[in-house]
Amino acid sequence: MNQRQVLQVFEQYQKSRTQFVQTIAELATRPQNIEALQNAGVMSLLRPLLLDVVPTIQQTAALALGRLASYNEDLAEAVVKGDILPQLIYSLAEQNRFYKKAAAFVLRAVAKHSPALAQAVVDCGALDALVISLEEFDPDVKEAAAWALGYIARHNANLSQEVVDAGAVPLLVLCIQEPEVALKRIAASALSDIAKHSPELAQTVVDTGAIAHLAQMILNPDAKLKRQVFSALSQISKHSVDLAEMVVEAEIFPAVLACLRDPDEYVRKNVTTLMREITKHTPELSQMIVNTGGVAAVVDYLGDSHGNVRLSGIMMLGYVAAHSENLAMAVIVSKVGVPDLPPTQAKKALKSILPKCTYLPALEPLLYEAPSNILKHVVCQFSKVLPRDSKARRLFVTSGGLKKVQEIKADPGSALQEYINSINSCYPEEIVRYYSPGYSETLLERVEKYQPV
């Protein structure tokens, strides 16, 4: 056997290894193949290929492992138990950018399933290697590392603190300043995952100057980036008055209100979530949003939206109205009752809003405009205020409110009928009878039949 024939054996072996890892990586993209691959012992076959002398084989083996580990928790645990993670982490610091990206993908795929698996990734020393990867020149490597760090941090405060202690936050803030939109998205998402767990972690994010850089991106044309930006600002705002004020001081209002008309429903949802997290803290923060037109903008958003994405907007209105009567009036004047909201969602806002509204002339338009699922709560508030306010009782008659109440059709014995009866009990019987439907016709009939002496 001459030298050429010997080399052909090695070439054939390399081609076979290459074909094997490429085929496995392709098969791993289809869920129906996963069980068969697992039963065939694919993990133990891929592991030695991570140290292959051919870089493309190493990278493809890592890609295949990542796809398998991403599929379910059992396969992710098999990666941990097979001592594959230390191998990957070592290579993350030594190999080329393509391998680094694939290795970070495996770490993310393992960490995403549970806090225990994320902790296993941390215990293998992954954080230092991932943080170093955030300083790589290649944006794809930075993106893969930021993604893995976010998946580790999202589980709980302890894991987030470990990500912070590894020095990730300042580098993630640098990543949101990079020109690549995909990198901005993932870095903003990771900051959101860190900030959400506690005021201390959110403060750490704020201390690196993240708010100012996030605020600059609220009008970026990329919808997926805006989703993450508003999510991060929401996670910072929710913890305390001071943090919410820092977000507001970045002068994001009224610019964010334009995003309530964004074509992407999750951008709109995340904007209302941000407004909810800010308004819940103090009357002053709520008043600021009212002054910028925030309540009217949210009411318009609710009228144009459908499903559960509206819930954060409804809760925001409830928080605003709960602070004071003046703020409740601002919500009422914006006609919160007009959109045809599902009863369970409407009640959440109304329970906070209506008890604050003791100035009944502001409520009266709702007697004419509110849908049936809201009308009951409006009439209930009238039944509470009128017995204690003689001036309001007089105005209620002269404005036509009492007449309108008599025209409401309520089932006998229903809560609505009880509220109507309570209102009627505030007036002499002849006044109530006078405004009852058909009473004027009865009087006319009596006039027609009357025979003068």
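Listing for the model above:
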| quantity | calculated |
| --- | --- |
| Heavy-atom accessible surface of the chain: percent carbon and sulfur, 1.4 Å | 52 percent |
| Residues whose placed amide H lies under 5 Å from that of S334, excluding near-sequence neighbours | none |
| Mean separation of Cα contacts under 8 Å, 6 or more apart, over the residue count of region 198-245: relative contact order % | 42 percent |
| Accessible-area value, E251, 1.4 Å probe, nucleic acids and ligands omitted, Å² | 150 Å² |
| Region 16-124, relative contact order in percent, only Cα pairs under 8 angstrom and at least six apart counted | 26 percent |
| Solvent exposure, largest accessible area first (probe 1.4 Å, DNA, RNA and ligands not counted), of E178, E249 | E249, E178 |
| Computed over the chain: relative contact order in percent, which uses C-alpha pairs under 8 Å that are six or more apart | 7 percent |
| With Cα atoms, 0 to 90° folded angle of helix 3-27 axis to the chain main axis | 10 degrees |
| Cα-based helix-to-principal-axis angle, 97-111 vs the chain, degrees rounded to 10 | 50 degrees |
| Nearest-20 debye value, the chain charge dipole, Cβ charges on Lys, Arg, Asp, Glu | 1120 debye |
| Top positive-direction residue, dipole computed over the chain with Cβ charges, set C426, A120, S44 | C426 |
| Global geometry of the chain, whether rounded, prolate or oblate, following the gyration tensor of its Cα atoms and the 1.5 cut on a/c | prolate |
| Protection proxy ranking, peptides 265-277, 123-135, average beta carbon neighbours within 10 Å, highest first | 265-277, 123-135 |
| Full-stretch length increase - E94, S425 - with 0.36 nm per residue and alpha-carbon distance subtracted | 110.7 nm |
| Helix 439-449 vs. the chain, principal-axis angle (Cα, 0 to 90°, nearest 10) | 30 degrees |
| Global form of region 16-124, assessed from the alpha-carbon gyration tensor, a/c cut-off 1.5 | oblate |
| Accessible surface ranking that places the most exposed of L7, L260 first, with a 1.4 angstrom probe | L7, L260 |
| Accessible surface, region 78-184, averaged per residue in Å² (probe 1.4 Å) | 39 Å² |
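The values are calculated or read from the model by the stated rules, or taken from the named source; none is laboratory data. Because the structure is a prediction, the values reported are computed rather than measured. Neighbour counts are summed over all protein chains in view; Cβ atoms, including those assigned to glycine, are modelled from backbone coordinates with ideal geometry. Heavy atoms of the whole protein, side chains included, go into the accessibility calculation; ligands, DNA and RNA do not. Shrake-Rupley method; radii C 1.70, N 1.55, O 1.52, S 1.80 Å.
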